[in-house]
Amino acid sequence: MISRRNFLSVHRWLSIGFAAFWIIQALSGMIAVFHWELDDATVSGEHKPTDFVLIEETINAHVTPDSGRRVSSIWTSAGFADRFDINIATTGPEASHVLRVDGHGNILRKRSSEETFSNGGLISLVISLHHNLLAGELGSWIVGISGIILLSNLLLGLYFAWPRNGMWRTLVPKAQKNLSPAWYLSWHKLLGIIFVVPAIAIVTFGVSLAFESALSRFLNAPAASATAPEGSWVNPDIRLSKIVATAQAQFPNAKIAGISYPSADHPVWKVTLNQPSEPARAYGKTRVFLNASDGSVISNYDTLAAPTSNRFMDALFSIHTGEIGGQFGRSITFMVGFWLVMMITLGIGLWYTRRQRASNRPRS
């Protein structure tokens, strides 16, 4: 039979073995919570209200027929209001790049897709590190498996810290010598009990995101998509402003979060909107799909009216980041990241001081 002591040993060695990895995930996650604002803060420029007619003029001046450039998508920067990233794909020697523009289409920053540490690229690097270790799907699996191990360790920690027989006063740290084993243990238990529940929730939904595709298939909750009618083609005369106006007419109170441009093999515009009552703060899950031939609506996806399984999948990211609770929720997520670093530090301090005390004990 596995004893409590055995479980405690598992908890200890998992914490030590994965300490560095979990600290990196915690610190990068803390940056991820507010990375939109951090990124926008590196780009100067006055606020301009969104006008897609003016943004389209900027696009037309930058993406001319002989430039070898094409727009693949436009997304809100999600930091400061009325700013957008225009993703430009290229053919030939010029690198693909991203233009950050204000609401009037004024270019605030041009960043090559090959840039990493310059022009705000470091923040994107940190986010990619948090999501998949810069290793694509394999990295996502590693992050997900690590998350499962962390989740099991949090549950073990909760089991050990929970006061027996309701003796909650035992959690209050007593006057003890700083940095002694007893000092480390008392604070490890107290802080663990305070934040472990939100930590379990955040890690659980983070693991779900790491295995999002598999979970979506399991729940039979496919992502919203649409197929163009037979014979559809990409009409270059359809204006971006018309696409935006048509999409917003379907959901008048929603804000534009992103626009995916059509291509020859998929002649469909996809407009992503964020309805006021959606849990997402930045990128909504509402979709409008439009025919690239004439700009007519093919279909809509209203996340608020979707089946329960789809609404659950749509809310995963918002719960993991705390967006679902607004600024308060995001602050809690940030604090949980800091808490995890503190818990690992206290745990390692406890282990180290106990080893030091044991090594200094006289041998008979």
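The values are calculated or read from the model by the stated rules, or taken from the named source; none is laboratory data. Computed from a predicted model, the values in this text were never measured in an experiment. All Cβ positions, even for glycine, are placed from backbone atoms using ideal geometry, and neighbour counts span all protein chains on display. Heavy atoms of the whole protein, side chains included, go into the accessibility calculation; ligands, DNA and RNA do not. Shrake-Rupley method; radii C 1.70, N 1.55, O 1.52, S 1.80 Å.
Checking each residue in the stretch 41-62 for being modelled with pLDDT of 95 or more and either in contact with a Ser or Thr (Cβ under 8 Å, 6 or more places away or on another chain) or among the β-branched types (Val, Ile, Thr) (or both) picks out Thr50, Phe52, Val53, Ile55, Glu56, Thr58, Ile59. Of note, Pro198 does not satisfy the criterion of being at pLDDT below 95, of a type outside the set (Lys, Arg) and under 30 Å from Gly29 (Cα atoms). For the stretch 174-182, the count of residues that are touching a helix residue (DSSP H, G or I) at 6+ places or on another chain (Cβ under 9 Å), farther than 26 Å from Arg355 by Cβ, free of Cβ contacts under 8 Å to residues at least 60 places away in the same chain and assigned to a loop (DSSP other than H, G, I, E, B) is zero. Taking the criterion of being open to solvent by 30 Å² or more (accessible area, probe 1.4 Å) and under 18 Å from Thr42 (Cβ atoms), the residues of the stretch 53-97 that qualify are Trp75, Phe80, Ala81, Asp82. If I ask for residues that are more than 21 Å from the chain's Cα centre (by Cα) and open to solvent by 50 Å² or more (accessible area, probe 1.4 Å), which ones from the stretch 21-52 would you list? Matches in the stretch 21-52: Ser44, Glu46, His47, Lys48, Pro49, Thr50, Asp51. If I filter the stretch 238-251 for residues that are part of a loop (DSSP other than H, G, I, E, B), in contact (Cβ under 8 Å) with a residue 12 or more places away in the chain, more than 18 Å from Trp75 (Cβ to Cβ) and touching a strand residue (DSSP E or B) at 6+ places or on another chain (Cβ under 9 Å), do I get at least one hit? Within the stretch 238-251, one or more residues are part of a loop (DSSP other than H, G, I, E, B), in contact (Cβ under 8 Å) with a residue 12 or more places away in the chain, more than 18 Å from Trp75 (Cβ to Cβ) and touching a strand residue (DSSP E or B) at 6+ places or on another chain (Cβ under 9 Å). Just one of Ile319, Ile348 is under 23 Å from Ala210 (Cα atoms), open to solvent by 30 Å² or more (accessible area, probe 1.4 Å) and in contact (Cβ under 8 Å) with a residue 24 or more places away in the chain; which is it? Step by step, each of Ile319, Ile348 is checked, and only Ile319 is under 23 Å from Ala210 (Cα atoms), open to solvent by 30 Å² or more (accessible area, probe 1.4 Å) and in contact (Cβ under 8 Å) with a residue 24 or more places away in the chain. Scanning the stretch 323-331 for any residue that is within 24 Å of Val197 (Cβ to Cβ), touching a helix residue (DSSP H, G or I) at 6+ places or on another chain (Cβ under 6 Å) and in contact (Cβ under 8 Å) with a residue 60 or more places away in the chain turns up at least one such residue. Taken over the stretch 70-102, the criterion of being under 21 Å from Trp269 (Cα atoms) and more than 29 Å from the chain's Cα centre (by Cα) is satisfied by no residue. The set of residues in the stretch 326-339 being buried (at least 16 other Cβ atoms within 10 Å of the Cβ) and within 18 Å of the chain's Cα centre (by Cα) consists of Gly329, Arg330, Ile332, Thr333, Phe334, Met335, Val336, Gly337.
Residues in the stretch 71-86 that are in a strand (DSSP E or B) and either among the aliphatic types (A, V, I, L, M) or modelled with pLDDT under 95 (or both): Val71, Ile74, Ile86.
The set of residues from the stretch 252-272 being free of Cβ contacts under 8 Å to residues at least 12 places away in the same chain and more than 25 Å from Pro307 (Cβ to Cβ) comprises just one member, Asp265. State all residues of the stretch 273-306 that are in a strand (DSSP E or B), without any contact (Cβ under 8 Å) to a residue 60 or more places away in the chain and crowded, with 19+ Cβ neighbours inside 10 Å; if no residue qualifies, say none. Once the filter is applied, which keeps residues that are in a strand (DSSP E or B), without any contact (Cβ under 8 Å) to a residue 60 or more places away in the chain and crowded, with 19+ Cβ neighbours inside 10 Å, the stretch 273-306 yields Leu273, Asn274, Thr286, Val288, Leu290.
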